[in-house]
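J.: Okay, here's the structure, questions in a sec.
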Amino acid sequence: MLGHIQKILAVVSFILLGSALMLAYNNPVTGYELDIYASTPLAFWLLVIISILIGAAIILTQIVTGGYENSKIWLIGLIVILSSRIVLLYFPYIRGYVSWRGDNIAYLGFIRDILANGDFSSSNVYPVTHIYLSGIINITDLPDILVANLSTGIISILAVLFIYMLTGALSSNKRIQILSTLIAGTVMLAAGYNVILSPNGWSVFFLPLLLFLYLKQDILRYRVLLIIILIIYPFFHPLSTLIVIVMIFIIEITKPVFRRYLRDEIHFNTEFHRSTFLACIVIEIAIFGMWMLSHSDYHLNLKIFWEEIIYGMNTGKLGELTSSLDKLNIHGADFIVLLLKMYGTEMILILMMGLGVPLLLFKRFSDNKIDKVSLLTVLCFVIVCGVLYIAYLLGMPGTKVLAGGQWDRRILSYITMLLPVFAAILLNRIILSEKPPVYVSYLMSYKEILLKQALRFTGGTILIVLLIFSCLLSIQSLYPSPFMSQPNTQITTTDLKGTEWLLDNVDTESGVDFIASPPENFAMAIIGFDDSYGKTGFGRYTDPVIDNFGYTAQLVIGSRFTASRYLVVTDYDKIAYTSIWKEVGRFNENDFNVIENDPIVCRVYSNSGMNVYYISPDINMELVKSVDGKAVR
């Protein structure tokens, strides 16, 4: 009977997801949206969240009742959760989104270069992802931008399955394996990496698979796959390669220590594992070293790294973050709330890991189905990454350059991908184990079984509520929004059409200035990365656009320029600086109105989302005068 009810609920959840997609389709985007969450109907979010909760309820019910042992109904719940995940990742494109700014569109440019030339240039230092997607485009004949947009969602789904595999290698307890998969499926681990096309993000999602293969290296087929992935990894991303090298070292160094502490008497072929360990390290270091030294882009990083070590130059991320928040007038309680929004998901999972670790150390609560040695070695790796992250925050010399100044996002992703395993151990112990958890065991001599059950129910309820909160927070973190004090990174059709006009009609050698929307970045989606980066000169060697276009100190914008140039202003610039970045004070609505009437500025192109201005400072300034504070000719 229960199984029939769960199947009916699964059908209902798919109906809800279908309704959510219809809502998204019937509410198309009409231009740049500052907040994708506010611009999408509230009913959409409610329908998707209800579907996720239904899927989670099906899995938890199967675990609590023991139905998972003889039934595969829990897989239906997982399919519901993964389907909800796909809806969350793909609905922007259903609403008409083109793509995303920054590195995302640059990687599309790399793909177009490979499709056009049949190979990749030296500027493509992360070629594996681009080669793989180029092959799919050639085989399927699908639009390249469609494949680029949808590919990461598939990798996000695979990451959940990789965590299921990894947990199986660390524990033969089926409940823990299912619980870790439930956590990984409902919580959007690594947040924005689930959305954008990013070689670094892909390498983060493949980390659980690599670790699974390493732990299963005794089996030949897994050992072969391990070697293949180790060969590929340096071409994924250099930071991920360093992380893999550190991970393997830590696992092998700490393994004998924990075997001795836990008196693990399981047969262990030391000689075989030592030779495999050395082979893995040699392969990774050799390929990584040759690849890195063959690219001049990395030479500068090595130089900066050396200078940081010698001279101690590194302000630390905390200093940078404080400076940025000061501009946004975010202090005190607002600062704490923002931190909870940004890192709340990681904080909750780290808390659950911290509560679950003692269950591995206390022999009283031993579980023969858990490979404690392997789990503790993985824990040591997580701790080392955490220490390095703290060092980066505090400005330890040498840490910043390793990740190009964005380690705050990246290294947390490596840690987060492994946290569901530890969280599942705690959840399994408190809710489902017949033995009392260590936190309440001392009460058992004074209280009866009812108190034991009440405490377990209370603890389980708290953990489930925290996981639901973590799920909601991770969904809210998927896309940049005012909730995170960030503007949406949406690229609009008008951005691309305006850039096409620039490419066709503008001599970019004269200079193309911009505020926060570099045409060079948009051009990568049109003519590829190499042509855009090396030939167009968009935004290169031009003077930065000063605050308020300089109108607070002069009548006209061009009086500070010595040569003619173009200026690009998009809706992104206008909306961001007059709303979420208003406190920064760089631009206001009046600035964007004044530039329209500037006598030495001519608007030469306009669509509904982008304006292109031509600035001609060679106009006779004696003909310009001030009338009511405005410049006129």
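The values are calculated or read from the model by the stated rules, or taken from the named source; none is laboratory data. What you see is a predicted model; the values in this text were computed from it and never measured. Cβ sites come from the backbone with ideal geometry, for glycine too, and all protein chains shown count toward neighbours. Surface areas here come from the heavy atoms of the whole protein model, side chains and all, with no ligands, DNA or RNA. Shrake-Rupley method; radii C 1.70, N 1.55, O 1.52, S 1.80 Å.
J.: Can you spot a residue in region 218-235 that is surrounded by 24 or more Cβ atoms within 10 Å (Cβ to Cβ), within 14 Å of Met417 (Cβ to Cβ) and either out of contact with any strand residue (DSSP E or B) (no Cβ under 8 Å at 6 or more places or on another chain) or of a type in the set (A, V, I, L, M) (or both)?
T.: No, because not a single residue in region 218-235 is surrounded by 24 or more Cβ atoms within 10 Å (Cβ to Cβ), within 14 Å of Met417 (Cβ to Cβ) and either out of contact with any strand residue (DSSP E or B) (no Cβ under 8 Å at 6 or more places or on another chain) or of a type in the set (A, V, I, L, M) (or both).
J.: Still on this model: Looking at region 205-218 only, could you name the residues that are farther than 19 Å from Lys255 by Cα and assigned to a loop (DSSP other than H, G, I, E, B)? Steps first, please.
T.: First pass over region 205-218, keeping only residues farther than 19 Å from Lys255 by Cα: 205-207, 209.
Result: Phe206, single match.
J.: Find the residue count for region 165-178, including only residues that are out of contact with any strand residue (DSSP E or B) (no Cβ under 9 Å at 6 or more places or on another chain) and either farther than 12 Å from Ser374 by Cβ or surrounded by fewer than 23 Cβ atoms within 10 Å (Cβ to Cβ) (or both). Can you show your working first?
T.: Quick first cut of region 165-178, residues out of contact with any strand residue (DSSP E or B) (no Cβ under 9 Å at 6 or more places or on another chain) only: 165-169, 174-175, 178.
With either farther than 12 Å from Ser374 by Cβ or surrounded by fewer than 23 Cβ atoms within 10 Å (Cβ to Cβ) (or both) added as a condition, the list becomes 165, 168-169, 174-175, 178.
The qualifying residues number 6.
J.: Quick one: which of Val568, Val556 is hydrophobic (A, V, I, L, M, F, W, C), open to solvent by less than 60 Å² (accessible area, probe 1.4 Å) and modelled with pLDDT of 90 or more?
T.: Selected residue: Val568, the only one of Val568, Val556 that is hydrophobic (A, V, I, L, M, F, W, C), open to solvent by less than 60 Å² (accessible area, probe 1.4 Å) and modelled with pLDDT of 90 or more.
J.: Let me ask you something else. Taking into account only those residues within region 91-107 that are part of a loop (DSSP other than H, G, I, E, B) and under 18 Å from the mean Cα position of the chain (by Cα), which is surrounded by the most Cβ atoms within 10 Å (Cβ to Cβ)?
T.: Arg101
Yes/no per residue for (1) in a helix (DSSP H, G or I); (2) open to solvent by 50 Å² or more (accessible area, probe 1.4 Å); (3) under 24 Å from Ile163 (Cβ atoms):
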site: Ile54; (1), (2), (3): yes, no, yes
site: Ser83; (1), (2), (3): yes, no, yes
site: Leu89; (1), (2), (3): yes, no, yes
site: Gly109; (1), (2), (3): yes, no, no
site: Ile114; (1), (2), (3): yes, no, no
site: Asp119; (1), (2), (3): no, yes, no
site: Ser122; (1), (2), (3): no, yes, no
site: Leu133; (1), (2), (3): yes, no, yes
site: Ile139; (1), (2), (3): yes, yes, no
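J.: Working carefully through the options Leu349, Leu360, find the one that is in a helix (DSSP H, G or I), at pLDDT 85 or above, within 20 Å of Leu211 (Cβ to Cβ) and open to solvent by less than 30 Å² (accessible area, probe 1.4 Å). Break it down stepwise before answering.
T.: Working: Leu360 fails: at pLDDT 85 or above.
Going through Leu349, Leu360 in turn, the sole match is Leu349.
J.: For region 461-486, which positions are open to solvent by less than 20 Å² (accessible area, probe 1.4 Å) and over 16 Å from Ala57 (Cβ atoms)? If you could, list the steps in order and put the result at the bottom.
T.: Of region 461-486, the ones open to solvent by less than 20 Å² (accessible area, probe 1.4 Å) are 463, 470-471, 473-475, 478-479, 481, 484.
Within region 461-486, Ser470, Leu473, Ser474, Ile475, Leu478, Tyr479, Ser481, Met484 meet the criteria.
J.: Any residue that is among the acidic types (Asp, Glu) and at positive phi - is there at least one of those in region 116-137?
T.: Scanning region 116-137 turns up no residue that is among the acidic types (Asp, Glu) and at positive phi.
J.: Moving to a separate point now. Only one of (1) more than 20 Å from Gly55 (Cβ to Cβ); (2) open to solvent by less than 10 Å² (accessible area, probe 1.4 Å) fails for Val246. Which number is that?
T.: Val246 satisfies every listed condition except (2).
J.: Looking at this structure, is Leu17 modelled with pLDDT of 95 or more and farther than 30 Å from Ala516 by Cα? I'd like the intermediate steps shown before the answer.
T.: Values: modelled with pLDDT of 95 or more: yes; farther than 30 Å from Ala516 by Cα: yes.
Criteria met by Leu17.
J.: Being in contact (Cβ under 8 Å) with a residue 60 or more places away in the chain and in contact with a helix residue (DSSP H, G or I) (Cβ under 6 Å, 6 or more places away or on another chain) is true for just one of Asp144, Asp103, Asp113. Which residue is that? Outline the logic, then answer.
T.: Working: Asp144 fails: in contact (Cβ under 8 Å) with a residue 60 or more places away in the chain; Asp103 fails: in contact with a helix residue (DSSP H, G or I) (Cβ under 6 Å, 6 or more places away or on another chain).
Asp113 is the lone residue from the list that is in contact (Cβ under 8 Å) with a residue 60 or more places away in the chain and in contact with a helix residue (DSSP H, G or I) (Cβ under 6 Å, 6 or more places away or on another chain).
J.: What residue, of Glu622, Glu596, Glu583, is closer than 17 Å to Gly498 by Cβ, open to solvent by 30 Å² or more (accessible area, probe 1.4 Å), of a type in the set (Asp, Glu) and modelled with pLDDT under 90? Walk me through how you get there before you give the answer.
T.: Numbers: Glu622 fails: closer than 17 Å to Gly498 by Cβ; Glu583 fails: closer than 17 Å to Gly498 by Cβ.
Only one candidate qualifies: Glu596.
J.: Name the pairs: first residue in region 378-392 and in contact (Cβ under 8 Å) with a residue 60 or more places away in the chain, second residue of a type in the set (Phe, Trp, Tyr) and open to solvent by less than 60 Å² (accessible area, probe 1.4 Å), Cβ to Cβ under 8 Å, at least 6 apart or on different chains?
T.: Pairs that qualify, where the first residue is in contact (Cβ under 8 Å) with a residue 60 or more places away in the chain and the partner is of a type in the set (Phe, Trp, Tyr) and open to solvent by less than 60 Å² (accessible area, probe 1.4 Å), are Cys385/Tyr414; Tyr392/Trp407.
J.: Name the residue, out of Ser84, Ser134, Ser172, Ser121, that is out of contact with any helix residue (DSSP H, G or I) (no Cβ under 8 Å at 6 or more places or on another chain) and more than 24 Å from Arg409 (Cα to Cα). Write out each step before concluding.
T.: Working: Ser84 fails: out of contact with any helix residue (DSSP H, G or I) (no Cβ under 8 Å at 6 or more places or on another chain); Ser134 fails: out of contact with any helix residue (DSSP H, G or I) (no Cβ under 8 Å at 6 or more places or on another chain); Ser121 fails: out of contact with any helix residue (DSSP H, G or I) (no Cβ under 8 Å at 6 or more places or on another chain).
None of the other options fit; the residue is Ser172.
J.: Now for a different question. Assuming Phe162 fulfils every condition listed in (1) open to solvent by 10 Å² or more (accessible area, probe 1.4 Å); (2) in a helix (DSSP H, G or I); (3) more than 23 Å from Phe212 (Cβ to Cβ); (4) touching a Phe, Trp or Tyr at 6+ places or on another chain (Cβ under 9 Å) apart from one, which condition is it?
T.: (3)
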